[in-house]
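Have a look at the structure below before the remarks.
Each value in this text was obtained by applying a stated rule to the coordinates, not by laboratory testing. None of the values given here were measured: they were computed from a predicted structure. In this analysis, Cβ positions are derived from the backbone assuming ideal geometry, glycine residues included, and neighbour counts consider all displayed protein chains.
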Amino acid sequence: MKKKLIIATGNKGKVREIAAILSHIYEDVISMKEAGICVNIVEDADSFIGNARKKALTISALTDCDVVADDSGLCVNGLGGRPGVYSARYSATGTDDDNNKKLVEEVMPLNEEGRKANYVCAIVLARKGVEVFSCEGKCYGKIITKPRGNGGFGYDPYFYLEEYHQTFGEMEAELKNKISHRAIALQKLKDFIEEEQ
Ligand code: IMP
């Protein structure tokens, strides 16, 4: 069994989600804070992979442990892929309410095709400052202009999945965690690490 994995994030939900998938491979899956690493990394790359890479390489240069970093967001077809890497800070305040308000205003004039969207999650695994593996997971839907459901977070009440006839805001967390962009990317990471063993 591999020793320790550090998740390069301050987000407890992400650490829990990643730990649930990789805890049978690593003795311990911990956050940066738990590893005693406190670094502020500016996410200024122009791609999801670029931001995930920056975080994974920076943190893994400071430890002997494996390090995983991710970056995610929403891309809308008719908005040229926006909010994209700016998903967390799309509006001036960066709150979910204001981000969603801006998204709806921008999507309103778009036709069905333009409202098609996808969530993206990029993941990078690094060791001692060197990238070992990277991948992306995507999840497809469309943006609706009236919110549905209170579950999930961020843009979820506006992200409608035709196949499931519901938004991520309406979906049971258990199902979202099986089909989401993050779940797809994490599965690829898990497959890679298992093959490496
Ligand atoms: P980050 O990966 O923590 O930087 O998240 C980027 C932003 O993308 C979040 O603040 C949300 O606005 C958006 N986002 C990423 N994944 C999801 C999701 O599963 N649901 C809703 N919003 C998401």
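Data table
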| read-out | value |
| --- | --- |
| Euclidean distance of C-alpha centroids, region 3-40 and region 102-144, integer Å | 23 Å |
| Value of [θ]222 nm, deg cm²/dmol, for the chain, DSSP H segments ≥ 4, -39500 (n - 2.57) each, nearest 500 | -9500 deg cm²/dmol |
| Contact order normalised by residue count of region 13-132, Cα under 8 Å, 6+ apart, percent | 31 percent |
| Equivalent ellipsoid dimensions for region 98-144 as semi-axes, Å, which come from the Cα gyration tensor, largest first | 33, 13, 6 |
| Lysines whose Cα lies under 24 Å from that of residue 2, excluding same-chain neighbours fewer than 8 positions away | 12, 14, 33, 54, 55, 128, 188, 190 |
| Three-way shape call for the chain based on the alpha-carbon gyration tensor, with the a/c threshold at 1.5 | prolate |
| Extended-chain gain in nm, criterion 0.36 nm per residue less alpha-carbon gap, residue 19 and residue 33 | 3.5 nm |
| Test item: Cα-centred dipole of the chain, Lys/Arg +1 and Asp/Glu -1 on Cβ, debye | 240 debye |
| Quotient of C-alpha Rg and 2.2 N^0.38 Å, computed over region 95-182 | 1.25 |
| 5 angstrom amide H check on residue 75, placed H, neighbours 5+ away | 84, 118, 119, 120 |
| Burial order of peptide ranges 113-126, 90-103 (average beta-carbon count within 10 Å, highest first) | 113-126, 90-103 |
| Cross-link reach list, aspartates and glutamates versus residue 4, counting only Cα pairs under 12 Å and skipping chain neighbours closer than eight places | 27, 28, 34, 64, 66 |
| Dipole magnitude of region 1-79, debye to nearest 20 (Cβ charges: Lys/Arg +1, Asp/Glu -1, about Cα centre) | 160 debye |
| Only Lys, Arg (+1) and Asp, Glu (-1) charged, at Cβ; region 53-156 dipole about Cα centre in debye | 120 debye |
| Anchor residue 101: lysines whose Cα lies under 17 Å away (excluding residues fewer than 8 positions away in-chain) | 142, 146 |
| Euclidean distance of C-alpha centroids, region 49-77 and region 157-197, integer Å | 19 Å |
| At 0.890 mPa s and 25 °C, Stokes diffusion of region 20-88 via Kirkwood alpha-carbon radius, µm² per second | 178 µm²/s |
| Summed side-chain charge close to residue 45 - residues other than residue 45 whose Cβ falls under 9 Å, Lys, Arg +1, Asp, Glu -1 | -2 |
